[in-house]
Amino acid sequence: MNQEHRSLFRLHMSPGLGRAALFKLKATFGNFTTALNSPPEDLVRRAQLSPRQAREILQNDDPRLKKGFDTLESCQARIISYWEPDYPALLKQIHDPPALFYLRGTLPVGSSFAIVGSRRATPGGLRLTEEIAAELAGRGVTIISGLARGIDTAAHRGALSAGGPTLAVLGCGIDRAYPQENVDLFRKLLEKNAVISEYPPGVEPLPGHFPGRNRIISGLSNGVLIVEAADGSGSLITGDFALEQGRELFAVPGAVKSATSYGTNRLIKDGARVVTEAQDILDSLWPGTRSKPSPTDPLLNELDGAALRLYQSLDFTPQQGDDLARACGLTPMELSAILLDLELRGGIQALPGGRYIRLK
């Protein structure tokens, strides 16, 4: 880490010094090392820091600073500042770009697209998200999301399944995988992709951090898709940022009475573009680009009779076994045997409550 990065990190770790103060210090003194070598009264008079901010800048021997440096080194994270060529051009365009962010992995280049949505997503929403993310990532579009459970997780997994680029933006320190259930996904992202955060190492995933995280998700992207969102969902904040930043906003429509579709349906009423497949996004942002054709489901050629009728009756919306039996004219024993066979073949998934969805 060079001296300027060490100086910037020292300031960023200091209590009360936010992005506005860092921009002021850079504009006033030209670089952060010079700012730190200036007397406190100059920081107050010239850069308009408060006396308290000037007093609370960490000293070089502060144990908090050493711990922070050690953490960055141990997790092989580096600093990317607003004034460096590696800083993403799209993120520079927003009105409140972070003065710096911490990076683990390799920062993708080229086109990018954000996919966010409900943490309590439906099986159909998760499946559609994975499909869209996989198709876009397969075309080289970087999928950006926030590593949260639900739609965010499905977006990252879809990109990884296609071997395409994906980037996670955290609402906590770069040294923390949050939520804990996504530790394995966090590690997979670090293998060939990237994780970033504007928060110093060690910072907890507090609720107040996520709106700021969301502005970065949309700021890094050419467009934003919201798959499912209840009234008041945090993903709607990302949609607001997208519109404020001049990004194209997309939404997946849902059932009128569905709680997870309330937010997305409202966005569509307000002018968001409707998305039912990846091609809708490609046509809008990258005209002339065709999504890759979906592979033919081999089970459609392997099944016949009652098994085929049952399989074709299933989709991404969970259905009760009793309803399927009535629709296909099957006895409970016949239904159970066919469902078990379809599950073993990887065509369907059993859900709690005796419900089933199709996977292909």
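Just so you know, all these numbers are worked out from the coordinates, no wet-lab data involved. These numbers were taken from a predicted model, which means no experiment stands behind them. Neighbour counts run over all protein chains shown; Cβ positions are idealised from the backbone, glycine included.
Computed quantities for the displayed model
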{"quantity": "Mean separation of Cα contacts under 8 Å, 6 or more apart, over the residue count of segment 1-73: relative contact order %", "calculated": "34"}
{"quantity": "Ranked R345, R247, criterion: other C-beta atoms within 10 Å, fewest first", "calculated": "R345, R247"}
{"quantity": "By average C-beta atoms within 10 angstrom, highest first, the peptides 137-144, 258-265, 270-277", "calculated": "137-144, 258-265, 270-277"}
{"quantity": "Within the chain, percent of DSSP bridges classed antiparallel, to nearest 5", "calculated": "45"}
{"quantity": "Of K24/K92; K188/K360; K66/K188; K67/K92, pairs whose Cα-Cα distance is over 26 Å", "calculated": "K66/K188; K67/K92"}
{"quantity": "Range of Cα positions in segment 105-285 per principal axis (Å), largest first", "calculated": "41, 34, 31"}
{"quantity": "Förster radius 35 Å - calculated FRET efficiency between K188 and D42, Cβ distance, rounded to 0.05", "calculated": "0.15"}
{"quantity": "Quotient of Cα Rg and 2.2 N^0.38 Å for segment 299-358, N being how many residues it contains", "calculated": "0.97"}
{"quantity": "Helix-derived mean residue ellipticity, 222 nm - over the chain, DSSP H n ≥ 4, -39500 (n - 2.57), to 500", "calculated": "-12500 deg cm²/dmol"}
{"quantity": "Contact order normalised by residue count of the chain, Cα under 8 Å, 6+ apart, percent", "calculated": "12"}
{"quantity": "Residues L300, L103, sorted so that the one with the fewest Cβ neighbours within 10 Å comes first", "calculated": "L300, L103"}
{"quantity": "Residue exposure sequence - E248, E198 - by fewest surrounding Cβ within 10 Å", "calculated": "E248, E198"}
{"quantity": "Computed magnitude of the charge dipole of the chain (debye, nearest 20; Cβ of K, R +1, Cβ of D, E -1)", "calculated": "880"}
{"quantity": "Answer label, with Rg/Rh (Cα atoms, Kirkwood Rh) calculated from the coordinates and candidates [x] 1.07; [y] 1.02; [z] 1.05", "calculated": "[x]"}
{"quantity": "Segment 224-270 and segment 158-179: distance between their alpha carbon centers, rounded to Å", "calculated": "21"}
{"quantity": "Normalised contact order of segment 105-285, rounded percent, pairs of Cα under 8 Å and 6 or more residues apart", "calculated": "22"}
{"quantity": "Distance in nm between pseudo-label sites at T276 and A327 (7 Å out along the Cβ direction from Cα)", "calculated": "1.7"}
